[in-house]
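Structure, as structure tokens:
The values are calculated or read from the model by the stated rules, or taken from the named source; none is laboratory data. Predicted model only: the values in this text are computed from it and were never measured. Positions of Cβ are backbone-derived with ideal geometry, glycine not excepted, and every protein chain shown enters the neighbour counts.
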Amino acid sequence: MEQTFIMIKPDGVQRGLVGDIISRFEKKGFYLKGMKFINVDRPFAEKHYEDLSAKPFFSGLVDYIISGPVVAMIWEGKNVILTGRKIIGATNPAESAPGTIRGDYAIEIGRNIIHGSDSAEGARKEIALWFPDGPANWQSSVHHWIYE
Ligand code: RTP
């Protein structure tokens, strides 16, 4: 079963959106396989966003991610990487559809509430970085009500 890394950024935490965001993934039928409420330091945030290190917004992005605690999660399910990105909405909230997390709650790209892995390779790297001990090992009792 596919897994993805989802992070509620400091603005999502400060604005009290943690419960709503988790609820959207749970209600869809995805399984929570890891969760941490943590502050990350600058080197860790730079590592997470290393692919963007040449971008002009990189230092502002790192400042933003280290500005407060984040909720780091592993979610599991069929197509969870792509479907997770759909639940989250387009990177720029000005273009995110209503009904998506960013479309409903965010206005600016630099305060877009949430991160989700964008590929299988990205998910694998991000889960390894944030959860070196791997995902929690549990099975949902409602699995057969979600999958045929
Ligand atoms: P994320 O990694 O956070 O899920 O976002 P994403 O894949 O949708 O977007 P990406 O291009 O990877 O950018 C990562 C984060 O950098 C911030 N950003 N700011 N000021 C800007 O032009 C700009 N562009 C991107 C956003 O917080 C974005 O989520």
Look at Arg102 and say whether it is within 15 Å of the ligand (Cβ to nearest atom) and among the basic types (Lys, Arg).
yes
Is it the case that the range 64-73 has a residue that's touching a residue at least 12 places away in the same chain (Cβ under 8 Å), near the ligand (Cβ under 9 Å from one of its atoms) and in a helix (DSSP H, G or I)?
yes
Quick one: how many residues across the range 94-104 are free of Cβ contacts under 8 Å to residues at least 60 places away in the same chain and either touching a His at 6+ places or on another chain (Cβ under 6 Å) or of a type in the set (A, V, I, L, M, F, W, C) (or both)?
2
Of the residues in the range 105-148, those that are within 9 Å of the ligand (Cβ to nearest atom), of a type in the set (A, V, I, L, M) and surrounded by fewer than 19 Cβ atoms within 10 Å (Cβ to Cβ) number 1
Give the residues of the range 18-33 that are more than 15 Å from the chain's Cα centre (by Cα) and surrounded by fewer than 12 Cβ atoms within 10 Å (Cβ to Cβ), sorted by residue number.
Lys27
Contact list, first residue from the range 14-30 and at negative phi, second anywhere and outside any helix (DSSP H, G or I) and surrounded by fewer than 16 Cβ atoms within 10 Å (Cβ to Cβ), beta-carbon distance below 8 Å, six or more apart or interchain, is Gln14/Gly68
Within the range 45-63, which residues are part of a loop (DSSP other than H, G, I, E, B) and more than 17 Å from Ile127 (Cα to Cα)?
Ser53, Ala54, Lys55, Pro56, Phe57
Within the range 130-145, track down each residue that is small (Gly, Ala, Ser) and either closer than 10 Å to Tyr31 by Cβ or not in a loop (DSSP other than H, G, I, E, B) (or both).
Ala136, Ser140
Does the range 59-68 contain any residue that is over 19 Å from Ile22 (Cα atoms), at pLDDT 95 or above and acidic (Asp, Glu)?
yes
Go through the range 74-91 and count every residue that is outside any helix (DSSP H, G or I) and either among the basic types (Lys, Arg) or over 20 Å from Gly12 (Cα atoms) (or both).
4
From the residues in the range 34-63 that are among the aromatic types (Phe, Trp, Tyr) and more than 10 Å from the ligand (Cβ to nearest atom), which one is surrounded by the most Cβ atoms within 10 Å (Cβ to Cβ)?
Phe44
Return the pair list, or none, for Cβ contacts closer than 9 Å from residues in the range 80-93 that are farther than 13 Å from Ile107 by Cβ to residues that are at pLDDT below 95, at least 6 apart or on different chains.
Val80/Met1
